[in-house]
Structures are given as structure tokens and as C-alpha cells.
Amino acid sequence: MSIIAQYGDVFIILACVFGFFMAWGVGANDVANAMGTSVGSKAITIKQAILIAVVFEFLGAWLAGGQVTETIRKGIIDPALLTNDPHLLVYGMLASLLAAGLWLLIASAKGWPVSTTHSIVGAIVGFAIAGLGVDSVGWTKVSQIAASWIVSPLLAGTIGFVLFRSVQVLIFENSDPFAAAKRYVPGYIFLVGFIIAMVTMVKGLKHVGLDLGFLQSLMLSAVIGVIIMVLGILLENRIGRGKKETGDSFNFSGVERVFGVLMMFTACAMAFAHGSNDVANAVGPLAAVVSVVQTHGEIGGSAALPWWILVLGGGGIVVGLVTYGHRVIATVGTGITELTPSRGFAATLAAATTVVLASGTGLPISTTHTLVGAVLGVGLARGMAALNLRVLGTIVMSWLITLPAGAGLSILFFFTFKGMFGS
């Protein structure tokens, strides 16, 4: 206990610095997953993507990030085994933040789109096994998270496939695709607004003092969906039919411009979804350190998640995106398959839906896996030839390296902190 009392302020300061560094890494690397499809389909520019992400990543982190944070800070390690040594949990969480942040810095410099969820979960499991023993890990929760790395891309890919097939059937195979786009795209816009609003209302607003019932949430989400749909229709009405362009493999430029409007909404949705899920990777360990210090060494204490922790995480994500995010955006946006606004819409909405559902249930999934799965689903709707398998192979290899890299660095830093502050 004396170590916590002696160095409590130092631990909180270090946790804030490392947490901000980790959040910076999330912004620099993982936000590309949120924005890559929008930029790759040329629906928005990189500057617009950064502006959208700055606002909606922060809002997602602050409004809907609390649920997943609970899993990262309490679910992976069994707290009962650390009751007599709370300082070891502090060392481990500091080591995990620093290790994951450092790995994300390396990956971002290389332009690799790696999983921040892999990084932090691997780091926490690594320090727990090395420093506390195999029994200290909550393997049930870890196995759920690991299963989500397979389930989430499959789910996102399925939703992406179905969404893009619906676009093909309802619009591109219609005798007048432009008129069909004008008719059906408002429905897709409503879907975007409704899904994001619904998950946020049901699960995400409790820690900001707004706890709505299911029926209230349903009605309010429907209203928000209608408002966003009306806004979309107003923007859509400015778009002309456009001419059929020779050599244009998508045939109707006007149709794609209509989907360009829709992509602005799905980009906002994806940024919000990403912020709500992935802020936990940065602030979960930070929240654990703050909780242990504030309760004077009580593990798993019922200290509330301070509001400023989510703000710090959201701020770090924004700074990372603005300073370094453009590197990975280029890899994700153009590498996997050729994207147009209609394809990008299906991939982004599928990924956003999957991420907000996971965020609502408190499961920290990999946005990277989810978005790649969604893009794959859209590509498969056009046939295997539409996919760049070589780029996919590189991405998967970087995923495989991430877990051991995070674990190895975390073990190194854990023993460094033990040496510095005492065991």
C-alpha cells in the first residue's frame, strides 16, 4: 500500500501522459480505418475527413465510450489476485499503455493499419502472464474478445455484402439509376442516423447523466434519423443527373455524386462509432490506474469513471489524426479494392453498425478487422477479381505481428517500472 501512497501522484501523471500517447497512436493509425473508405472513394478530401473526425471521434469517445472502457479496465485481469499487490496492477497498466503507444508509433510511421485493440489487449495479457502468472488473466473475457476478432469482420462483411447488393438491385440495375438513387438514398441516410442514434441512446449516455428507456430511445432515434434524412435530401437536390461518361466503369457519375452526399453522413457515423469503441484502448488502463490510486489501493473499487478521462482520450485521438493520420489513410482507402462512393457507403455503414453494436455491448472489437471485413464484403459482391489479395496479405501479416509486439514491449516496461518504484 505504501508504494501507492508514496507515488500516487506520479502514477496518475504518468498514466495521463502514456494514456494521451496511446490515444495519439489510436488517432494516427486507427482513425484511418474510419476515414479511409471516404477518402479512397473520393467522396471527401483528406482535409474534410480530418475535420469530420475531429468532431465526431471526440463526440463518440465522450458520449458513448464509457461502456467499453469498463471491459478494458476490469475485464481482462482477475482483480481478486491483485488485492494484496495493487501497485503491480498500476505498473502493468502503465506498461501496457506505453507498449501499445510505442508499437502504434512504429506502425504508423510504416503506414501499416494495425489493430489498436490487439495492441492494448496483447500488452495487458503479456504483462499479466509475465508478472502475475497465467491465472491472473480473465481468460473467459479474453476469449470473447479474441472471438470478436473473427466474428466482427464476418458480421461487417455480411452487412456490407447485403447493403451493396441492395444498392446494385435497387439502383444500378434500375432502368433509370439516377432517379432510383434520388428515391432510395434518403432511406439509407435515415438508416445511418437511426442506427448511430439508437445505440448511443440505449447504451452510451448513462455516464453523462442521461438514462433513457428503450421506447424513449427508439422514438428519439427515429426523430434524429428523419432530421438527418431531410438534411440529406436538401443536399441531394443540388445534384444534377450528369452525363454517361465513356470509360467510366460505374456508368453514371450523377448516381455516384448522390452517394457522395451519403458518404459524408456515413463518414460522420464511422468516426463516431470508432471514437466510442477505440477510446477505451487508451483510457481503460488510465482509468484503472486512477481508480486504484484514488481508492488507496483498492482493486476493482467502485470509483466512477471521471469525465476528464474520456475527454483526454478523445483529445489524444484528435491530435494523432491531425499530426500523423494521413499516412495510413492512403493505405486503407485505396489498397484493398477500388472504391466508389456507393461501395464506400456500404463498407462504412456496415463497419459503423458493427462497431456501435459492439460498443453498446461493451465488447472491444478491432475496428481494423471490422472495416477490412466490410470492404471485403463489398468487394466480394463484385467478384473475387475486385480484391487486391497482395495488400490484404500485408495487412494480415501486420495484424499477426501486433499481438506479440505489444506483449513483448509490455513485459519489458513492466519490469522496468518494478525496478524503478519497487516490487
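The values are calculated or read from the model by the stated rules, or taken from the named source; none is laboratory data. Note that the structure is a prediction, hence the values are computed from the model and not measured. Reconstructed Cβ throughout: ideal geometry from the backbone, glycine too, with neighbour counts over all protein chains shown.
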Go over the candidates Gly187, Gly101, Gly122, Gly131 one by one and state the one that is more than 30 Å from Phe345 (Cα to Cα) and over 22 Å from the mean Cα position of the chain (by Cα). Gly131
Please verify whether region 88-111 includes one or more residues that are surrounded by fewer than 24 Cβ atoms within 10 Å (Cβ to Cβ), over 19 Å from Leu321 (Cα atoms) and among the charged types (D, E, K, R). no
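The rows are residues; the columns are (1) in a loop (DSSP other than H, G, I, E, B); (2) surrounded by fewer than 17 Cβ atoms within 10 Å (Cβ to Cβ); (3) at pLDDT 75 or above; (4) not aromatic (Phe, Trp, Tyr).
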{"position": "Asp278", "(1), (2), (3), (4)": "no, no, no, yes"}
{"position": "Gly284", "(1), (2), (3), (4)": "no, no, yes, yes"}
{"position": "Val289", "(1), (2), (3), (4)": "no, no, yes, yes"}
{"position": "Val292", "(1), (2), (3), (4)": "no, no, yes, yes"}
{"position": "Ser302", "(1), (2), (3), (4)": "yes, yes, no, yes"}
{"position": "Leu305", "(1), (2), (3), (4)": "yes, no, no, yes"}
{"position": "Leu312", "(1), (2), (3), (4)": "no, no, yes, yes"}
{"position": "Gly315", "(1), (2), (3), (4)": "no, no, yes, yes"}
{"position": "Val318", "(1), (2), (3), (4)": "no, no, yes, yes"}
Members of region 201-216 found to be under 14 Å from Ser276 (Cα atoms) and at pLDDT 65 or above, listed by number: Met201
Output the residue which, of all residues in region 186-199 that are within 17 Å of Met229 (Cβ to Cβ) and modelled with pLDDT under 85, is surrounded by the fewest Cβ atoms within 10 Å (Cβ to Cβ). Ile195
If a residue must be of a type outside the set (A, V, I, L, M), buried (at least 24 other Cβ atoms within 10 Å of the Cβ) and at pLDDT 80 or above, how many such residues does region 320-330 contain? 1
With the condition kept exactly as written, say whether any residue in region 342-365 is assigned to a helix (DSSP H, G or I), at pLDDT 80 or above and under 14 Å from Pro113 (Cα atoms). no
Region 146-179 - residue that is in contact with a Ser or Thr (Cβ under 8 Å, 6 or more places away or on another chain) and of a type outside the set (Phe, Trp, Tyr) and, of those, surrounded by the most Cβ atoms within 10 Å (Cβ to Cβ): Ala156
So which of Ser175, Ser148 ends up being farther than 30 Å from Pro86 by Cα and of a type in the set (Ser, Thr, Tyr)? Ser175
If you go through region 39-61 one residue at a time, how many are assigned to a helix (DSSP H, G or I) and among the polar types (S, T, N, Q)? 1
Every pair of residues 6+ apart whose Cβ atoms lie under 9 Å, when the first sits in region 370-385 and is of a type outside the set (A, V, I, L, M, F, W, C) and at pLDDT below 75 while the second is buried (at least 24 other Cβ atoms within 10 Å of the Cβ) and not in a loop (DSSP other than H, G, I, E, B): Arg382/Phe164; Arg382/Arg343
Would you please list the contacts, defined by Cβ atoms under 7 Å and residues six or more apart or on different chains, that run from a residue in region 44-56 that is more than 20 Å from Leu310 (Cα to Cα) and at pLDDT below 85 to a residue that is of a type in the set (Gly, Ala, Ser) and surrounded by 14 or more Cβ atoms within 10 Å (Cβ to Cβ)? Ile44/Ser38; Ile44/Ala267; Ala49/Ser38; Ala49/Ala267
Restricting the search to region 116-147, which residues are at pLDDT 80 or above and assigned to a loop (DSSP other than H, G, I, E, B)? Gly133
Being assigned to a helix (DSSP H, G or I) and at pLDDT below 75 narrows Gly8, Gly36, Gly25 down to just Gly36
